[in-house]
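The next block holds one structure in the form of C-alpha cells; read it before the comments.
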Amino acid sequence: MTVQYSSFIQGALSLLAGLSVTIKSFFMPVVTSQYPREVLDITPRFRGHIKLLADPENPEWAACLVCGVCQAGCPSHSIKKIEGEKIEGQKRKRLTSFILDFTTCSQCGLCVENCPSKGIGFSDDFNLAGYKREDFYFDLVQEFNKRKKSS
Amino acid sequence: MSDMFYNNGNIYFFVALFMLFCGIAGLVYRRTLIGMLISMELILNGAGLNLVAINRFISPENPYGAAFTLIIMGIAAAESSLALAIIILISKRYHHIESGDLKELKF
Amino acid sequence: MARFDIDRFGAGVFRPSPRQADLMIVSGTVTKKMAPVLVTLYEQMPSPKWVIAMGNCAISGGPFVFEGQYNLIEGVDKLVPVDVYVPGCPPRPEGLLEGFLKLEEKITGKRRFPGPVQRW
Amino acid sequence: MTVGEIIFFFTVFVTMIGALAAVLARSIVHALLGLITTMFGIAGLYVYLNSTFLAMMEMLVYVGAISILIAFAIMLLGSYSGMSGNLRAVGKLTLAGGTAVVSVYIFFKFVLTNMNPLSFAKYLVTTKDIGRVFTENLVLPFELISLLLVVAIIGAVMLAIIARNVK
Amino acid sequence: MVNKTEEELKAAFSELTVVKEDYNQKGYHLSCDVAPKDIAAVAGFFDERRFYLAVELCVDYRDYLEIVYIFSLHMSLCKVKITVKIDPVKPVLPTISGIFASAYWYEREIREFYGVLFEGHPNLTYLFLHDGIDFYPLRKDRIPVTDNDKRELSSFSPEQSEDSLCINMGPQHPSTHGVLRVVLRMNGEYIEEAFPVLGYLHRMHEKMAENRTYPQFLPNTGRLDYIGAMSFNLGYVTALERLAGITVPERANYVRVIATELNRISSHIFWLGAYLADLGALSPFLYVFDDREQILDVLEGITGSRLTYCYFRFGGLYNDIDDAFIAGTKAVISRIRSRFPLYEKLVTGNVIFVNRTRGIGVIEKERARKNAVSGPVLRAAGIPTDMRKLEPYACYSEMNFEIPSGQRADALDIYNIRLREVETSLQIIEQALAKIPEGPFMTPKVPKKLKPRKGDIYHTVETPRGELGIYIVSDETDRPYRLKLRVPSFSNLMVFPELAKGNLIADAVAILGSLDLVIPEIDR
Amino acid sequence: MGGLVKLLDTEMVRLAVGLVLALGFVVFNALILTWMERKVAGHMQLRIGPKEVGPFGLIQPLADATKLLGKEILIPKAVDKTLYYLAPILIFIPVIVAFVVIPFDSYLLVKDINVGIVVILAFSSFTVLSILLGGWGSNNKYALIGAIRSVAQNVAYEIPLLLALLSIVMMSGSLSLKTIVEAQKGLWYVFVQPVAFIIYFIASIAETNRTPFDLPEAESELVAGYHTEYSGMMFALFFLAEYTNMFIVSSIAVTFFLGGYNGPFFPGFIWFLAKVYFLVFVIMWFRWTYPRVRFDQLLNISWKALIPLAFLNLLVTGGLLKL
C-alpha cells in the first residue's frame, strides 16, 4: 500500500480544517458594499478627470491663465484645445474653451502639478459610463459655468 | 395472451440471426481492428439473445440461459479489454490499426 | 471582487468558454497581434451579445497612442461594436458596475437605480 | 395491436437498425453508436423475455463498460481510428449478396417453418433464481469466468506496461 | 570580487581594455568593449565564473549598433557591462544563447526590433511583433524589413506530428491571467514541449520612452506592472535620480519604502489568490481580495488611485502622507498578521494543495542562473538574492530584515517564500514607521525640464516579481535616448518551457501560476 | 372519477405521469440548486450573491434560464452534427430513469422495481457516454481532453461506488430501494457502515464532476472541458443534467445510508428532501473550499485508496453477516 495511513489521516484533518474556515465565513457578515444602494466615500485625493477651479480673487473666472503648460506636459495629448480671449482692462486672458479628451487620459496628475496658477483640480467623478466615445470629450469651461451657476 | 407477438420465439431468433449475420459481414467488411471488434460484440450480443429466448420458451423454470448470457458478458468484457489493449499497442508500434497489414506476429 | 460583488446582479457566474458568454469585457489595450483573436472570440459568442470597453486603453488606445506607434488598435470599436464605454485609467469598480447598469438600461429600456450624480 | 406490441416492434426495429449501422457506418464513432443502439434494443427485448435483471446487466456491462471502453480507445487512437481501409464497391456487393442469400435461406428453412407459438409460462426470472443457478449447478463456469477476468486484467496490465516502453 | 574579476578578465583576454567605472554613477563596475568574434569566448568566461546574464540589449547610435550585455553575480555585487559594436547596415553577431539560456529570448527580441542577425541562434522568429509589420521599430531610422527577413521572422508555428496534438493555451485562456499564449505540444495529457508566444499586449513602452520627456514617462511605469506599480515607479524614479544626481529628502525615502512594501504585500497576496484560483479553489481568491482591498484603500488615500499609483516624483513624492495613512498602515499590518492562520488552515495545510505543488517545477540553482530568473522564484531555488539587500536603494540600507530562501525549489517553496516575504515586508514597514523623520517630502530644486548628464546607467530594484533593471542612455536632451527595461516576469517566463517539459497539463498551469507573471510587464 | 383512478392505475399511465412530474422536478431542482450554489458561494466568500433580481435573488435562475432559451444556438462548423446533437439528449436518459425508482416517500414512487439500484447504476453510464460523444463530436481539443478525462475518472470511481453500495445490499438483502429504506426504520445504515458511506460520498462527488474532482471541466486547464463548444440551450441541458446528477447521487446516499424518507413528525418527503439538500450543500461546501486535484492523483485516490478500502469493507461486512 503506497498510501501511508498517518499521512492519510493528517490529510483528512487538513481538509476538515479547510471546511471549518469556509463554514465560519458562511455565517460571517458580508464585507461587500452594495454599490448602487450605498456609495463608498471617495478619498479627497482621488484622481478623477480634471476640472477647472475658480480664481480665488475672482470667482466668476476660472483660474486658468491659458498658458498651455498642461497641454504641453500631458503625456498622452489629452488636452485638445485651450483658447482664451483677451478682455479689455484685465491683465490676463479669460478662458473660453478647454476641451479634454478623457478617453486618452491616464489620470497621472501631471497637468495639475504643472499648472502655474493652480487652476486645475481633480473631479470626484468615479463612476462614469456611457454609450459613445464622444460622451467623454469634456468641455470643461461649460462644466465650470454650470457649476458656478448651481453653487 | 399467448398469441401476442412478443410471445413468439421466432422473432427473437430472427433478430439474433440478423445480428449474427451483421457481425459476420462486419468482420469481413471492416478492415480496422476496432471495427472488427464492434462486429464481434454484435455476434456475442446475438448469441446472448438467442440463449435467453430459448431458455424462456423451452424451459422457463431453470434460468440457465440467463446464467450463460451473464457468462458471455463476462467473456465479452475480458475479450474487449484485452483486444483494446492489443489494438493500442499495435497503433503505437505500426502507427495504424488496419488488420490487412499486420503480417508479423512477433513484436 | 471582494468589495463590489457583481454577482448581486446575477452577473457573477464565470463561464470560461466564449460559446457560453453573453458579454465581452475588453479590459485592456488591443494590439494588432491581438485583434484577429478578439474578433474571432466575438464571433464565437452566440447572439444576443454585448461588448463593454473598459478602460481608456480599450476605448481609444488610451495613453499608449503616440505618433509613429506601430502596434495598437486605437479603440475596440474599430473591430467590434461596443455597447457601453467605461472610461478611466483604470476605472474604479463602481465605474464597471455603472457600465453594467447602463447596459441593463440599454437592454431593458428602463433604469432600476437612480443614475450617478455628476460630481465634478 | 396493443401499446406493448408497438413498443416491442419498435424495439426490434431499433435493434436491427443499430446492427446495420454498426456494420455500415462510415465513421467508426457512428458504428459504435449503432452498437450501443443495438444493445439498448436487446436490453428491451430481455425485458420482454421477463428478465429485467439481465436487461440491466446488459446496460451495465455492454453500454456502461464495453462500449465506453471502445469509445475511449477510439479517442485515444485519434487519427488512426479513422474510416480508411473499408472494402471497395465490388467487395461490398458480393458481401451483401452472399449474406442476404444465406440469411434468407436459413430464415425460410428454420425459422418460418416453425411459426407455431411455443409454450408460454409466466415465469419471472428473478435475481435470486440466477444466483441460485450459479451457486448450485454452474459453480465451475462461474469460477472460470472469475479466473478469466483476473487473467484478462493481468494481461491488459502487462500489455499496458509493454505499450509504455514502445516508442 | 570586482578587482578579481578585472584581473582575471585582463589575464584571459589580453587585447581587451577593461575600464573601471564609477559604480555610484553608472550602476556597473566594469565595462569592456569586445570585438564581435570574441563575444562567445567572453560569455564563456563569465559563465565559468558563475555570472548570470542580467540583460542583453541593443542601442542604435546611427553610426553603429551597440549590443550591451550586463553580467552580474548573485551573491556579491559585481556588474560588468560588455559592449559589442556592429555594423548597422548588415548587422550580424554570433549568438550566445548556447551559453546563457536567457540570451535566447533577448536575442529574438533584438532580432525583431533591430534586425540584428544572430548566427547560430536556433529560432529567430517574431516573439513580440505581429507578422504584418514592415520596419524595425526600435531603429532610429526607418529601416524596412526585407522580404527575405519577413519570411524568416514570420510567426512561429510548431510542427505537428501524428502522435501529438498542439494546444493553444491563450491568448484568452483563463489560466494565463491576461493575454499570454503558450503553444503546448501534447502527447496525451503530457506536455512534450511548450512554446510561449508573447506580444499580445505589446504596448511599445520602450519606443514611447524615446518620444516622451522624462516626467512624461512616469505614468507608464504604473501600467507596466499594474499589480506592483509602486516598485516600477520607484525603480524608474531612483534610476533617474541617480543619473541626474538629484538628492531625495529622508522623509520621502521612508515613505517610498512604506508605500512600496505595502504594494509588495498586496501583490503577493493577490498572487496567492490568483494561484489558488488556477488550482481550482475560488474562495481564497475572494478572501485575499478582502485583504488587498484594505491595502488599496490605504494607498488610494495618499495617491488618489487604486492601481496605477504614479506616486513618486523625481526628488520626492507627489504629496505628503497624513495621519490617516499611518493609522491605516498600522491597521493593515495587524490585519494581515491576523490572517496568516487562516491561510495556514485553508491553503498551506491543505493536503490537496500541497500535493498539487510539491515537487512541481523544480528550478535547480544552475538552471536558475542560466535563465537569469529572479525574485521569489530565484530565492526558492536556494539563492537568497534580493536587490534590496544587495544594492540598497531608497533607505533599505537602514532596515533590518531577512531574506527568506528555500531548499526544494518547487512551486510549494515559491509559495512559502512569498508568504514569508509578506512577513518581511510587514517588518520593514514597522521599522520604517517607527523611524520616519519629519521634514520636506520633496527636494525644492528639481528642474522642470530635466536634462541628465550624457552617459548611461543600469539601475536595479526589487519588484514583487524580482529584479527590475532599468538601462537608460541619456544624450543630454529631455528625453531618454534609449530606455530598456529588464523585467522580472520576462526572464522568469523563460524558464517555463524547460519546466513544463514532460509534465501534465495541470502541472503546467501550476508552474505558470507559481512564476507570478504579469503580462503587460512581459510584453512591455 | 372511478375511470380516472383506474386509468391512473395502469402501468403505462402511471409511468407517463411519473415521467412528466420527474421532468418538471428536474427543471425546478436545477433552478433551486443554481440559486443555492450561488448563494452558498457568495456567503462563503463573504459576499451576498444574487440579490437584485427578485426577493433574495430568487428570480435570478429563472431569468438566466429565460436568457439561455433566447440565446442563438450556434453550431460550429467542424462538429460531427449527429454526435453534437445527440450528446445533450443522451445525458438526460439516466436522469429521468433515476427519478422513476427513487422513493421520495413511501407512496411517492413511480415504480418500485425489484432491481432498482441496478437500474440507476446501469443507466448512469449514459452520462459518461454522452460526455464522451459530446467531447468527440465538438471537434475541439479541449473538449476531447475533457471527455477522455471524464471517462477515465468515471470508470475509476464507478468501482468503489458500486462496492460501497454492495455492502448495503448485502446487509438489507434486497436491490429494491424501497425495501432498503424500510429496513432503516430503526437504525440508519450510516452508523453501521460509516466507511462505506464515506467511500460512496467521495466517489459520487467524482462521478458528478464536482470540485475537487471537476477535472473534465477544469476551467483553468481546459477552458470549459467537454462542453466548450456548446452554447445556449444545448449548454443548458448539460448544466441541468449536472445539477440533477448532484441531486440523484445525494438522494441515493440518503436512501442507502441516511434512512431515506424515515423521520419523525414531518411527512416523509420533507425529510427526504431535507436530507438530500443537506448533502447537496455539503458538496457545494467542498467546491468552495478545495483546490482541484491533479489527474494522476485523482486516479490514485480511487485505485490505491478507495477500491482496496471498499473491498476490505465488503469482506468485513460479509464476514460479520455470516457470524
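The values are calculated or read from the model by the stated rules, or taken from the named source; none is laboratory data. From a predicted model like this one, the values you see are computed outputs, not experimental measurements. Note that we place each Cβ from the backbone using ideal geometry, even for glycine, and neighbour counts take in every protein chain shown. Just the protein is used for accessible areas: all its heavy atoms, side chains included, with ligands, DNA and RNA removed. Shrake-Rupley method; radii C 1.70, N 1.55, O 1.52, S 1.80 Å.
How would you classify chain E from its alpha-carbon gyration tensor, with a ≥ b ≥ c the square roots of the eigenvalues: rounded for a/c under 1.5, else prolate if a/b is greater than b/c, otherwise oblate?
Because a/c hits 1.5 or more and a/b fails to exceed b/c, chain E counts as oblate.
Find the relative contact order for segment E:32-164 and round it to a whole percent, using C-alpha pairs within less than 8 Å whose residues are 6+ positions apart.
20
Tell me whether segment E:350-508 comes out rounded, prolate or oblate; compute the Cα gyration tensor, take square roots of the eigenvalues as a ≥ b ≥ c, and use a/c under 1.5 as the rounded threshold.
oblate
Can you list residues whose amide H is under 5 Å from E:Val197's amide H, if they're 5+ apart or on another chain and H is modeled 1.01 Å from N?
Here the answer is E:Arg181, E:Val182, E:Val183, since their amide H atoms fall under 5 Å of that of E:Val197.
Work out from phi, with θ = phi - 60° and the Karplus expression 6.51 cos²θ - 1.76 cosθ + 1.60, the ³J(HN,Hα) of each residue of segment C:45-60, listed in order in whole Hz, and give x for Gly and Pro.
My calculation for segment C:45-60 gives 6, x, 6, x, 9, 9, 10, 10, 8, 10, x, 5, 4, 6, 6, 9 Hz in order.
Let a ≥ b ≥ c be the square roots of the eigenvalues of the Cα gyration tensor of segment D:1-82; is it rounded (a/c under 1.5), or, if not, prolate (a/b larger than b/c) or oblate?
oblate
5 Å is the cut-off here: which amide hydrogens, built 1.01 Å from N in the peptide plane, fall below it relative to C:Thr31, excluding neighbours closer than 5 in sequence?
C:Ile73
Add -39500 (n - 2.57) for each DSSP H run of 4 or more in the protein assembly as shown, then divide by its residues: what number comes out at 222 nm, to the nearest 500 deg cm²/dmol?
-16500 deg cm²/dmol
In whole Hz, what ³J(HN,Hα) sequence does segment D:37-47 give by Karplus (6.51, -1.76, 1.60; θ = phi - 60°), x for Gly and Pro?
4, 4, 4, 4, x, 5, 4, x, 5, 4, 4
Quick one: which residues, 5+ away or cross-chain, put their amide H under 5 Å from the amide H of A:Ala54? H built at 1.01 Å from N.
Long-range HN contacts for A:Ala54: A:Ala63.
Across segment E:220-235, in residue order, what do the Karplus-derived ³J(HN,Hα) couplings come to in whole Hz, using 6.51 cos²θ - 1.76 cosθ + 1.60 with θ = phi - 60° and x for Gly and Pro?
Ordered by residue, 3J(HN,Hα) equals 4, 4, x, 8, 5, 10, 6, 8, x, 5, 4, 5, 5, 4, 5, x Hz.
Shielding of E:270-282 by partners, i.e. mean partner chain Cβ atoms within 10 Å per residue?
Mean number of neighbouring Cβ atoms from other chains: 4.
Ignoring ligands, DNA and RNA, what percent of the 1.4 Å accessible area of segment B:2-94 is carbon and sulfur?
The value for segment B:2-94 is 73 percent carbon and sulfur by accessible area.
What is the percent of Cα-Cα separations in segment B:2-94 that go past 19 Å?
51
Using Cα pairs closer than 8 Å and at least 6 residues apart in sequence, work out the relative contact order for chain A, in percent.
Taking the mean separation of contacting Cα pairs over the length of chain A, I get 25 percent.
At a 10 angstrom cut-off on C-beta neighbours, averaged per residue, how do the peptides A:61-73, D:133-145, D:57-69 rank from highest to lowest?
Ranking the peptides A:61-73, D:133-145, D:57-69 by packing returns D:57-69, A:61-73, D:133-145.
What does the highest-first list of F:182-193, E:142-153, F:292-303, E:366-377 look like by mean Cβ count within 10 Å?
E:366-377, F:292-303, F:182-193, E:142-153
At R0 = 60 Å, how high is the FRET efficiency between E:Ala12 and E:Thr348 if r is their beta carbon distance? Nearest 0.05 is fine.
Computed FRET efficiency for E:Ala12 and E:Thr348 comes out at 0.80.
I'd like the interface area for chains B and D: accessible area of each alone minus the complex, both sides summed, 1.4 Å probe, protein heavy atoms only. What is it in Å² to the nearest 100?
7200
Relative to the longest principal Cα axis of chain A, at what angle does helix A:5-26 sit, 0 to 90 degrees, rounded to 10?
Here the helix axis deviates by roughly 40 degrees.
Taking a point 7 angstrom from the Cα of E:Tyr61 along the C-beta vector, which residues in segment E:117-143 have backbone N less than 17 Å away?
Zone members listed by number: E:139-141.
How many nm is it between the label spots at F:Lys81 and F:Leu323, if each spot is 7 Å from the Cα in line with the beta carbon?
With each label point 7 Å from Cα toward Cβ, the separation is 6.5 nm.
How high is the relative contact order of chain F? Use alpha-carbon pairs under 8 Å, at least six apart in sequence, and give a whole percent.
For chain F, the relative contact order is 22 percent.
Under a point spin-label approximation (7 Å from Cα along Cα-to-Cβ), what is the D:Phe9-E:Ala434 distance to one decimal in nm?
Each label point is offset 7 Å from its Cα along the Cβ direction, giving 9.5 nm.
So what's Rg/Rh here for the protein assembly as shown, counting alpha carbon atoms and using the Kirkwood radius for Rh?
Here the Rg-to-Rh quotient is 1.03.
For segment B:50-73, list whatever residues lose no less than 50 Å² of accessible surface once every protein chain is in place, relative to that chain by itself, with the probe at 1.4 Å.
B:Val52, B:Arg56, B:Phe57, B:Pro60, B:Pro63, B:Tyr64, B:Leu70, B:Ile71, B:Met73
Could you give the spread of the C-alpha atoms of segment E:284-327 along their three principal axes, from largest to smallest, in whole angstroms?
40, 22, 13
If I take R0 = 35 Å and measure r between the Cβ atoms of D:Leu140 and D:Arg164 in this structure, what FRET efficiency does the formula 1/(1 + (r/R0)^6) give, to the nearest 0.05?
That pair, D:Leu140 with D:Arg164, gives E of 0.45.
Between E:Lys90 and E:Arg337, what is the spin-label point distance in nm, taking each point 7 Å from the Cα along the Cα→C-beta axis?
Taking the two extended label points, one gets 6.8 nm.
Give the average, rounded to an integer, of partner chain Cβ atoms located within 10 angstrom of each Cβ in E:217-226.
The shielding value for this peptide is 4.
Give the accessible surface of the protein assembly as shown per residue, rounded to a whole number of Å², with probe radius 1.4 Å and ligands, DNA and RNA excluded.
Per-residue accessible area for the protein assembly as shown comes out at 38 Å².
Averaged over F:124-136, how many beta carbons belonging to a partner chain fall within 10 Å of each residue's beta carbon?
4
Would you mind putting C:36-45, F:263-272 in packing order, based on average other-beta-carbon counts within 10 Å, highest first?
Descending mean neighbour count gives C:36-45, F:263-272.
With no solvent and one equal point scatterer per Cα, compute the Debye intensity ratio I(q)/I(0) for chain F at 0.10, 0.13 Å⁻¹ and report its log10, rounded to two decimals.
Listed by q, the Debye log ratios stand at -0.61, -1.03.
I'd like the FRET efficiency for A:Ser150 and E:Glu423, computed as 1/(1 + (r/R0)^6) with the beta carbon distance as r and R0 of 56 Å, rounded to 0.05.
So the FRET efficiency works out to roughly 0.60.
Around E:Met442, under 11 Å between beta carbons, what's the net of Lys plus Arg minus Asp minus Glu among the other residues?
Local charge sum for E:Met442: +1.
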